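The structure appears below as structure tokens.
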Amino acid sequence: MTMTDLPKLSRPATRALGNAGIKSVEDLARLSRTEFLALHGVGPASLPPIEAAMKAAGVDFAQK
């Protein structure tokens, strides 16, 4: 499986994903939507581009 690049996000959101070890859209499938939004630096504006990228890659947030 190829890794899908993350969409362009704000610097704080990009840093938050890097600090959490998330390097691809597929890595996001380890997190629930709530866990994603709880990352320091990630806000509601980050959700639409992330969800679109995840849908295009055929993955979704974890159901926890």
_Being charged (D, E, K, R) and either within 16 Å of T4 (Cα to Cα) or in contact (Cβ under 8 Å) with a residue 60 or more places away in the chain (or both) is the filter here; which residues of the range 53-64 pass it?_
K55, D60
*Pull up the range 6-51, narrow it to residues that are touching a residue at least 40 places away in the same chain (Cβ under 8 Å) and in a loop (DSSP other than H, G, I, E, B), then point me to the one that is nearest to K64 (Cα to Cα).*
L6
*asked:* Could you go through the range 56-64 and let me know if any residue there is under 9 Å from the mean Cα position of the chain (by Cα), assigned to a helix (DSSP H, G or I) and surrounded by 15 or more Cβ atoms within 10 Å (Cβ to Cβ).
replied: no
_What's the total number of residues in the range 23-52 that are of a type in the set (A, V, I, L, M), surrounded by fewer than 18 Cβ atoms within 10 Å (Cβ to Cβ) and under 13 Å from T4 (Cβ atoms)?_
2
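We did not get these values from a lab; they are worked out from the coordinates using the rules stated. Note that this is a predicted model, so its numbers are computed, not measured. With ideal geometry, Cβ positions are generated from the backbone for all residues, glycine too; neighbour counts draw on all protein chains shown.
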